[in-house]
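The values are calculated or read from the model by the stated rules, or taken from the named source; none is laboratory data. Worth saying up front: this structure is predicted, and the values here are computed from it rather than measured. Ideal geometry is used to build each Cβ from the backbone, glycine not excepted, and the neighbour counts take in all protein chains shown.
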Amino acid sequence: MTYQFDFGVVLRNYPILLEGTWLTIRLSITAMVLGLLIALAMVLARRSRFWGVSAISLAYVEIVRNTPFLVQIFLLYFGLPTLGIRMSPNTAAVIALSINVGAYATEIIRGGVESISKGQIEAGLAIGLRPLQVFRYVIFKPAMRAIYPALTSQFILIMLTSSVVASISANELTYVAQSLETMTFRSFEIYFVVTIVYLILTFLLSRIFDFLYGYLFSYPTR
Amino acid sequence: MLTVRDFGFNEFFFLLTGLWWTIGLSLVAFAGGVPGGLAIALARVANGPLRRYFAKGVIELFQGTPLLMQLFLVYFGLGLLGFELSPWTAAAIAFTLHASAFLGEIWRGCIEAVPKGQTEAATALALSYWTRMRYVILPQAFRISLPATVGFFVQLIKGTSLAAIIGFTELARAGQIISNATWQPLLVYTVVGAIYFALCWPLSRYSKHLESKYALADR
């Protein structure tokens, strides 16, 4: 084998890699926040008395979860201009990621809300808690505890999925990697380094989430 | 003169050819992922710490990096080692490894969900490791694993769309080609999305059905 590895090319370009990483983080956080808002609306819509409203919520969740993210983003970025709706790659990326994470979060939150039985709420009222206290201690906290692990892994998942938006040239980490590749032809070195960066991001995020779980949700031990 | 094609029967037929490759790639990756995943799951619950940590490392590597990067690394990495890989071979290898790691993690959970008494009883009967796994643990774990395994297969089908990015002409790439030829991206990608949906939705429903069926049986 005559190939000489050269990681110098990659490491010399660390400023644009850092920029790409920072955009990946920002995209993920924005998408997660917007996705949670969509999810809350969709959970409420699903419980609506009106047949049409809950059907929309159901259709949204099933369509998004059963089609590839790549097709969703193509539809949004290449398809919508036909209807006169044009967006920059980064805007399309944020919207597509939010819509995607929103569908998964809807299912997660719905599961959490349904895990609180009516008897618990009645018990809370019976021992003399005020309605707001019931909401806080009997509904919100246990439900959050139940959905926290799934929601946080969904966050990591959306961070990893965000690499796909490089295909519409939103300039996050993967796109930076692809443009470095076309400039230097050091494809393996570049993707190797970028993969390590994603791995570090995943590792850090899951550590932070674990720490927060202990801080927010642990029961008193005595 | 530049001629723009209409989206007609021939174009739809081309998409269906792409669908065939999507199904093919998913099935190959799944078929390779079953033995790979079983090996990783068994290593993950083994007594030897070396095997356990190795399996854990593999799982965390694949769960902690984007599928697209895994695809790129296999495609460009094996190229450097002197293998002339077609996008099809690279995609088949990458998705097989990906499926092995994910199925390994899913099945580890299922093996651990089999009550410990079963292992103890089998050991007390002096069954060997393989006999215990083959006749006592795995059949029970298999039943528990079905909903999540079918669910992962849906993930895998959707994931194979990324092979389009390294130039493998499956359904998503076929959509790109037709979209470029007809200048009707909205129509083409809607049809492509609908085809994926027609493929994935029944599987998702089946997975849900299995889940509720076993949940009832266990009650």
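Residue B:140 versus (1) in contact with a helix residue (DSSP H, G or I) (Cβ under 8 Å, 6 or more places away or on another chain); (2) under 30 Å from residue B:172 (Cβ atoms): which is the lone unmet condition?
Residue B:140 satisfies all of (1) in contact with a helix residue (DSSP H, G or I) (Cβ under 8 Å, 6 or more places away or on another chain); (2) under 30 Å from residue B:172 (Cβ atoms) except (2).
Are there helices (runs of 4 or more DSSP H) fully within segment B:110-219 with at least 1 residues that are basic (Lys, Arg) and touching a residue at least 12 places away in the same chain (Cβ under 8 Å)? List them.
Details: elements: B:116-124, B:129-132, B:138-159, B:171-182, B:185-218.
Answer list for segment B:110-219: B:129-132, B:138-159, B:171-182, B:185-218.
Of the numbered conditions (1) closer than 21 Å to residue B:74 by Cα; (2) not in a helix (DSSP H, G or I), residue A:129 satisfies every one except a single condition; which is it?
Result: residue A:129 fails condition (1) only.
Looking at segment B:176-203, which of the residues that are small (Gly, Ala, Ser) and more than 7 Å from chain A (Cβ to nearest Cβ) is surrounded by the fewest Cβ atoms within 10 Å (Cβ to Cβ)?
So the residue we want is B:198.
Report yes if some residue within segment B:79-86 is surrounded by fewer than 20 Cβ atoms within 10 Å (Cβ to Cβ) and touching an Asp or Glu at 6+ places or on another chain (Cβ under 8 Å); otherwise report no.
No, the conditions are met nowhere in segment B:79-86.
When you look at residue A:149, is it in a helix (DSSP H, G or I), closer than 21 Å to residue A:219 by Cβ and at pLDDT 90 or above, yes or no?
Yes.
Could you please find all residues in segment A:31-64 being of a type in the set (S, T, N, Q) and buried (at least 16 other Cβ atoms within 10 Å of the Cβ)?
Within segment A:31-64, A:54, A:57 qualify.
Could you tell me which residue of segment A:65-76 is surrounded by the most Cβ atoms within 10 Å (Cβ to Cβ), considering only residues that are under 17 Å from the mean Cα position of the chain (by Cα) and at the interface with another protein chain (Cβ under 8 Å from one of its Cβ atoms)?
Ranking the candidates gives A:70 first.
Can you tell me which residue among A:79, A:35 is facing chain B (nearest Cβ under 10 Å), in a helix (DSSP H, G or I) and small (Gly, Ala, Ser)?
Just one listed residue meets the conditions, A:79.
Taking segment B:1-53 on its own, how many of its residues are surrounded by 15 or more Cβ atoms within 10 Å (Cβ to Cβ), of a type in the set (Lys, Arg) and touching a residue at least 24 places away in the same chain (Cβ under 8 Å)?
So the answer is 1.
Across segment A:137-181, what is the total count of residues that are free of Cβ contacts under 8 Å to residues at least 40 places away in the same chain and more than 13 Å from chain B (Cβ to nearest Cβ)?
The total comes to 9.
Those residues that are without any contact (Cβ under 8 Å) to a residue 24 or more places away in the chain and outside any helix (DSSP H, G or I), I need them from segment A:182-198; list them, please.
Across segment A:182-198, the qualifying residue is only A:185.
May I ask you to verify whether residue A:203 is over 29 Å from residue A:74 (Cβ atoms), surrounded by fewer than 21 Cβ atoms within 10 Å (Cβ to Cβ) and at pLDDT 95 or above?
Working: over 29 Å from residue A:74 (Cβ atoms): yes; surrounded by fewer than 21 Cβ atoms within 10 Å (Cβ to Cβ): yes; at pLDDT 95 or above: yes.
Criteria met by residue A:203.
Suppose we keep only residues that are surrounded by fewer than 17 Cβ atoms within 10 Å (Cβ to Cβ) and in contact with a Leu (Cβ under 8 Å, 6 or more places away or on another chain) within segment A:81-114. Which one would you say is nearest to residue A:36 (Cα to Cα)?
It comes out as A:87.
Out of B:138, B:216, report the one residue that is more than 10 Å from every other protein chain (Cβ to nearest Cβ) and either under 26 Å from residue B:97 (Cα atoms) or in contact with a Gly (Cβ under 7 Å, 6 or more places away or on another chain) (or both).
Sole residue among the options that is more than 10 Å from every other protein chain (Cβ to nearest Cβ) and either under 26 Å from residue B:97 (Cα atoms) or in contact with a Gly (Cβ under 7 Å, 6 or more places away or on another chain) (or both): B:138.
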